[in-house]
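A short write-up of the structure that comes next.
Quick note: the coordinates plus some simple rules give every number you see, no bench work behind them. All values derive from a computational prediction rather than experimental measurement. All Cβ positions, even for glycine, are placed from backbone atoms using ideal geometry, and neighbour counts span all protein chains on display.
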Amino acid sequence: MKRAKNPDWKKRIVSTDAALTRIEPGMNIFIGTGTAEPRTLVKRLMASDAYNLQDLTLIQLVSLGDAISLEALQSHKYRLRTFFSGWVASDAIAAGHVDLIPARFSTIPRLIASGQMAIDVAFIQITPPTETGYCSLGVGLDVARQAMEQADLVVGEINTDIPFTYGDTFVPMDAFDLLVESRDPPLYFDRWPLDDVFDQVAANVASVIEDGSCLAYNIGPIYEALPKHLANKRDLGIHTPFFTDALMDLVRSGAVSNRQKGIFRGRSLSGFALGSPRLMRWLDHNPLVEFQSVDRVFNPMDIARNPRFVLIIPARRVDLTGRAAMSIGKGAVTTGPGQLADFFNGADLSPGGYTVLALPSRNRNGEPNVRLSVEDMPNLLNQPESMDIVATEYGTANLRGRTLRERAQALIEIAHPEDRPALLESAKEAHILFPDQIFLAESAHCYPDDVATRHTFKNDLVVRFRAIKPSDEDQMRRLFYRFSDEAIYYRYFAPIKTMTHAKMQEYVNVNYCEALSIVGLIGEPGQGTIIAEGRYVRHKNKPYADVAFVVDEQYQGLGIATFLYRMLARHAQQQGMAGLTADVLTSNRAMLKVFERGGYPMQAKIQEGIYALTITFDHKMEPSA
């Protein structure tokens, strides 16, 4: 759409003071949020000493801007009602100058449309109109339409610096009783500074996001770091409260197509834009981004129509049950329990959807962020049943469907290594973990994140590989009981019938300074099933390691064992070992084939019905077909 060349609307412009003369004491005034805040009108309202501007109530969804000052609120001429404290109103709420209305964002339009929340005046920021007489609500729809319908006086603040956006944004000029011209630029938001810890947390979050997933975005260091780690994904979708510079980078990387969404297919859906002038220029007349009001953006049923919807939540603390203490202050935009409820429900209802909680293992003061309990902390998100995955810079913990004991074990594994011993002992004292739970403190800093990878085998089977963790105890136990007697004998050289907790926890607690165990998993993130395991253990008296591996019989013959063997061999070689050794029963021809196809020189000696294999790393041969 082209903007009017000979704008007749300029003849309708009045001064801000003239517009404010229409205000009467006791009125409720709706104001847009964030970048949509009509700053010229609001600043003049705050600064004016006019007799009629007394005992006014300002209504704003989230207080993010700078036009409404704490000093003005303390004058008792104005009172602010908001549905979320943001970072402007949080101190004022504590001081009693702001009324906080607990509500789900998806229900706010109904509160306004029903008249339960009366609105007398609406201050709305808009673009200049097109030749056809329509303006755009720009980059913050929130509940502007409902407010305009209820208000007796609608004032449009025309700002030439805000982008003309698409979606449910078009408004005819005759919908406004008065027009004023903005003398202030929109409220811009600087990009979030990054550090190595948040970058690694973001990398771990990205590792559990599959191609075709649909994401919700926010502001903060986690979201700022995500785009470069998601750039190689395919067909991502966006259904988000906030569109940011970081999200623009992700879209421009080519990772976002929105083709697999179930609603607003082909377009990124958002309610607000928070960012720089560069973002505003990119959004101007951009058909790839659709802006809708909060009743669409936050509607759980609409969210759920997007398959594989992933909700990423930055947290301040997490405890061993999966409860979280949310951030407070500038990084806490819509991360209160009430504001998250709609997206939690949407993720739960979405086919293949899940929630990821992300945080560093320690705060900036060096205090642990993974704790025994966060029950007494403010802004508590007490929904452990909705927490599927937790990510720190030390990895990810899958919580869905796990017992409290298994959750605690998984979360201890991604706590800071120096905090793990105390967490373990606290969990034992609280009877969350078994009293005999093993913990190898010396290997806490040695976990080999670098071995994590994925590979597609025959029949398009995708297997994710990573180093084994103590929390894999139950999965490995279940793998053991799926084996036939023959498979157990081939692997353990003994007719083992049971695998008790004591035996299995010894098996899954690996000293990674001396050994490596890799598991292969299939299934969705957070619901993976272990179908293979391989390991090597260093010999004490020579520069070799003994290797063994096993694959679920249902998945044999696909090349998984050969892939595992090559992974183990490469890692052993990188660790400076001269080669590997292995013992294979002479009747186990399939395992011998794996070693033959592995691509490394091999010598075999028969000793009492067992092949004693020695594999050397002097040079690598071409792998056999």
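Tabulated values for the structure
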| read-out | value |
| --- | --- |
| Over the chain, volume per residue of the alpha carbon convex hull, in Å³ | 163 |
| Cut-off under 5 Å, modelled amide H: who pairs with F30 long-range | I59, D120, V121, A122, F123 |
| Unit charges at the beta carbon, dipole of the chain: most positive-side option, I119, S213, A391 | S213 |
| Total charge dipole magnitude, the stretch 197-437, about the Cα centre, Cβ charges on Lys, Arg, Asp, Glu only, Debye to nearest 20 | 680 |
| Kirkwood estimate for the stretch 449-616, i.e. one over the average of 1/r between Cα atoms, Å | 16.4 |
| For the stretch 449-616, with +1 on Lys and Arg beta carbons and -1 on Asp and Glu, the positive-most of Y600, I468, F549 along the dipole | Y600 |
| Top positive-direction residue, dipole computed over the chain with Cβ charges, set V171, G322, A572 | A572 |
| Order of S15, S361 - criterion: other Cβ atoms within 10 Å of each residue's Cβ, fewest first | S15, S361 |
| Cβ-placed point charges (K, R +1; D, E -1), dipole of the stretch 8-181 about Cα centre in debye, nearest 20 | 200 |
| Fraction of beta bridges assigned by DSSP in the stretch 345-499 that are antiparallel (%, nearest 5) | 75 |
| Unit charges on C-beta of K, R, D, E only; dipole of the chain, Debye | 1440 |
| Kyte-Doolittle at least 0.0, axis length at least 20 Å by Cα - qualifying DSSP helices, the chain | 560-574 |
| Rg/Rh ratio calculated on Cα atoms of the stretch 8-181 (Kirkwood radius) | 0.94 |
| Globularity index of the stretch 197-437, i.e. its alpha-carbon radius of gyration over 2.2 N^0.38 Å | 1.01 |
| The stretch 335-417 - share of DSSP beta bridges that are antiparallel (%, nearest 5) | 60 |
| Stretch in the chain that is longest and holds no trypsin sites (Lys or Arg not before Pro) that DSSP places in a loop and that have at most 11 other beta carbons within 10 Å | 6-363 |
| G138 long-range amide H proximity, modeled H, under 5 Å | T127, T165 |
